[in-house]
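Novice: Right, I'll just put the structure down here and ask away after.
The values are calculated or read from the model by the stated rules, or taken from the named source; none is laboratory data. These figures come from a predicted structure and were not determined experimentally. A quick note on method: Cβ atoms are made from the backbone with ideal geometry, for glycine too, and the neighbour counts reach across all protein chains shown. Heavy atoms of the whole protein, side chains included, go into the accessibility calculation; ligands, DNA and RNA do not. Shrake-Rupley method; radii C 1.70, N 1.55, O 1.52, S 1.80 Å.
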Amino acid sequence: MAETIAAVATGNSAAGIGVIRISGDRALEIAQTVFKAVDGTPLSSLNGYTAKYGRVFAKGEGYDNAVALVFKAPKSYTGEDVVEISVHGGLFIVEKTLEAVLAAGAIPAQAGEFTKRAFLNGKMDLAQAEAVASLISASGQQAAKASYNLLQGSLSNKINSVLSSLIDCSASMAAWVDYPDEEIPELSQESLQRTLENAEAQLNSLTDNYESGIIMLQGVDTVIAGKPNAGKSTLMNMLSGEEKSIVTHIEGTTRDIVEGSVRLGDLVLHLSDTAGLRQSEDIVEAIGIKKAMDKIDTAALVLAVFDSSSPLSAEDEDLIEACKGKTAVAVINKTDLPCLADCKKIEASFSRTVYISAKNGDGADGLENEIKEALGVEQFDSSQPMLANQRQKQCVANAAAHIKTALEGCLAGVTYDAINVMIDSAVDELLSLTGKKATQEVVNNIFSRFCVGK
Ligand code: GDP
């Protein structure tokens, strides 16, 4: 018998309501200790999906009005009996209710434990459980849509269809090899080859779109770099819509790295506004500049800002050099002022250039398009199944590699026995993706990254 767990399911700040979720065999009995319906109906006598209005009590004293929502196993999120008690969402009241529930016999839920139980009770597979985490962290329309499709099983369905074709094929080969006396028709090499090619293509289409999918789901680590006064902080403020960076006309004001995430259309940029790139005597500033250079090396996207109202300087040349081979967009700023910079040279040095006036907010749309094209996410289709994390990608890449070897073996006339071993390895990888064959360690690792209450 699984212990009955409880946690606050809503956020860690004051709100209109707060929800305490209880799941397990004793959920109704424990909730009943804390919650009393105004009409006196015991929660255990309610049907699933029923709400009751009442009051919550601690040490015999009522302290808030509340609603209890009852779910009966297996028709609940976790597949167990679940009660969700909604109270007014002040942090004190919510905490007090959780304490009362724990005092009545529940134990505190671990991170992700509700979803883990849903997985263990067959309410969802591992890919869908991971989609819950993506959906919660989604910060844009496309990310939310893609995560929702994953939660609905879009990836699982695709993987299961590849699995079923591989398992069929493997079963036919095994039967033919193991029972030579039976009149089992031999699987033709042509048909085997077609199945393997199709499986490989399906899996490769997933890994091919992995990077752009992850960028849409998780955002992209972006650095804004440029010489002092180019307008980096103003650009960061334009993007974030708030005064995050200190903007002054005295060179070197942005001494360290200022960080924040902004939404550019559907894309989230995790921004760092760096200290201006220049040689400096000032030790504090020099540390900032070193960090800026390091950031250019490690960021997935560089927004290289140039001041069009002044001629290109040595620092600008350094920046052009530092951006070589990087995914970078040249942002030529201050287009509201007369142009003195050699913009043709900048254009020739970057594959993408955009003209903006950060001060006036002009050019944001163009910047968004250039960034999306630079990252290869402009064609991202949230309705298609995608791989939501490195674990899933690794499983699919491993499976595709086994299938490739099987295909090569098939073309080279290797025995069906040997090919079947490779197909089995591919099947194992895909089963571990959906969780049918995942180790305890993998499962624990996945759910430990969830928040408590989910
Ligand atoms: P940073 O050192 O690169 O962060 O540059 P700042 O963002 O602090 O900007 C330096 C100065 O340039 C400030 O006085 C800004 O108001 C000004 N500035 C920034 N962007 C523009 C722009 O698009 N047009 C004009 N005219 N001035 C700008």
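Novice: Quick check on my filter: what residues within the range 69-92 are part of a loop (DSSP other than H, G, I, E, B) and aliphatic (A, V, I, L, M)? Give the derivation first.
Specialist: So the first thing to find is which residues in the range 69-92 are part of a loop (DSSP other than H, G, I, E, B), and the list is 72-81, 90.
Matches in the range 69-92: Ala73 only.
Novice: Could you run through the range 350-385 and say how many residues are in a loop (DSSP other than H, G, I, E, B) and more than 16 Å from the ligand (Cβ to nearest atom)? If you could, list the steps in order and put the result at the bottom.
Specialist: So the first thing to find is which residues in the range 350-385 are in a loop (DSSP other than H, G, I, E, B), and the list is 350-352, 356, 358-361, 363, 376-385.
Right, trim to more than 16 Å from the ligand (Cβ to nearest atom) and you get 350-352, 376-385.
Within the range 350-385, residues that are in a loop (DSSP other than H, G, I, E, B) and more than 16 Å from the ligand (Cβ to nearest atom) number 13.
Novice: Return a yes/no flag: does the range 134-157 have any residue that is out of contact with any Leu (no Cβ under 7 Å at 6 or more places or on another chain) and without any contact (Cβ under 8 Å) to a residue 60 or more places away in the chain.
Specialist: Within the range 134-157, one or more residues are out of contact with any Leu (no Cβ under 7 Å at 6 or more places or on another chain) and without any contact (Cβ under 8 Å) to a residue 60 or more places away in the chain.
Novice: Can I ask one more? Failed condition for Thr97, given (1) surrounded by fewer than 19 Cβ atoms within 10 Å (Cβ to Cβ); (2) among the polar types (S, T, N, Q); (3) touching a helix residue (DSSP H, G or I) at 6+ places or on another chain (Cβ under 9 Å), with all others met?
Specialist: Here Thr97 clears every test but (1).
Novice: Follow-up. Among all residue pairs at least 6 apart or on different chains, which show Cβ distances below 6 Å where the first residue, located in the range 8-27, is more than 11 Å from Val83 (Cβ to Cβ) and the second is of a type outside the set (A, V, I, L, M) and part of a loop (DSSP other than H, G, I, E, B)?
Specialist: What qualifies is Val8/Gly453; Ala9/Gly453; Ala14/Gly90; Gly18/Thr10.
Novice: Condition first: open to solvent by less than 50 Å² (accessible area, probe 1.4 Å) and out of contact with any strand residue (DSSP E or B) (no Cβ under 7 Å at 6 or more places or on another chain). Now tell me which residues in the range 134-154 satisfy that.
Specialist: Within the range 134-154, Ser134, Ala138, Gln142, Ala143, Ala144, Ala146, Ser147, Asn149, Leu150, Leu151, Gly153, Ser154 meet the criteria.
Novice: Given the range 109-168, what helices (runs of 4 or more DSSP H) lie entirely inside it while holding 1 or more residues that are among the aromatic types (Phe, Trp, Tyr)?
Specialist: Here the list reads 113-120, 141-151.
Let's see how each residue does on (1) open to solvent by 30 Å² or more (accessible area, probe 1.4 Å); (2) in a helix (DSSP H, G or I):
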site	(1), (2)
Phe306	no, no
Glu317	yes, yes
Gly325	yes, no
Val331	no, no
Ala341	no, no
Lys345	yes, yes
Ala348	yes, yes
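Novice: Does Arg21 satisfy the criteria of being within 19 Å of Phe92 (Cβ to Cβ) and either open to solvent by less than 80 Å² (accessible area, probe 1.4 Å) or not aliphatic (A, V, I, L, M) (or both)? Don't jump to the end; show me each part of the working.
Specialist: Numbers: within 19 Å of Phe92 (Cβ to Cβ): yes; either open to solvent by less than 80 Å² (accessible area, probe 1.4 Å) or not aliphatic (A, V, I, L, M) (or both): yes.
Yes; evaluated as a whole, the condition is true for this residue.
Novice: Also: When only residues in the range 182-232 that are open to solvent by 20 Å² or more (accessible area, probe 1.4 Å) and of a type in the set (Val, Ile, Thr) count, which is farthest from Leu411 (Cα to Cα)?
Specialist: Ile215
Novice: Hey, any hits in the range 444-453 for a residue that's surrounded by fewer than 20 Cβ atoms within 10 Å (Cβ to Cβ) and closer than 25 Å to Ser212 by Cβ?
Specialist: We begin by selecting, within the range 444-453, every residue surrounded by fewer than 20 Cβ atoms within 10 Å (Cβ to Cβ); these are 444-445, 448-449, 451-452.
If we keep only those that are closer than 25 Å to Ser212 by Cβ too, we end up with 449.
Checked the range 444-453: at least one residue is surrounded by fewer than 20 Cβ atoms within 10 Å (Cβ to Cβ) and closer than 25 Å to Ser212 by Cβ.
Novice: Right, here's the next one. When you look at Ala111, is it of a type in the set (Gly, Ala, Ser) and within 33 Å of the chain's Cα centre (by Cα), yes or no? Steps first, answer last, please.
Specialist: Working: of a type in the set (Gly, Ala, Ser): yes; within 33 Å of the chain's Cα centre (by Cα): yes.
Yes: the conditions hold for Ala111.
Novice: For the range 273-304, enumerate the residues that are surrounded by fewer than 24 Cβ atoms within 10 Å (Cβ to Cβ), small (Gly, Ala, Ser) and at pLDDT 55 or above.
Specialist: Ala299, Ala300
Novice: Answer yes if at least one residue in the range 112-121 is in contact with a Lys or Arg (Cβ under 7 Å, 6 or more places away or on another chain) and of a type outside the set (S, T, N, Q), and no otherwise.
Specialist: The answer is yes, given that some residue of the range 112-121 is in contact with a Lys or Arg (Cβ under 7 Å, 6 or more places away or on another chain) and of a type outside the set (S, T, N, Q).
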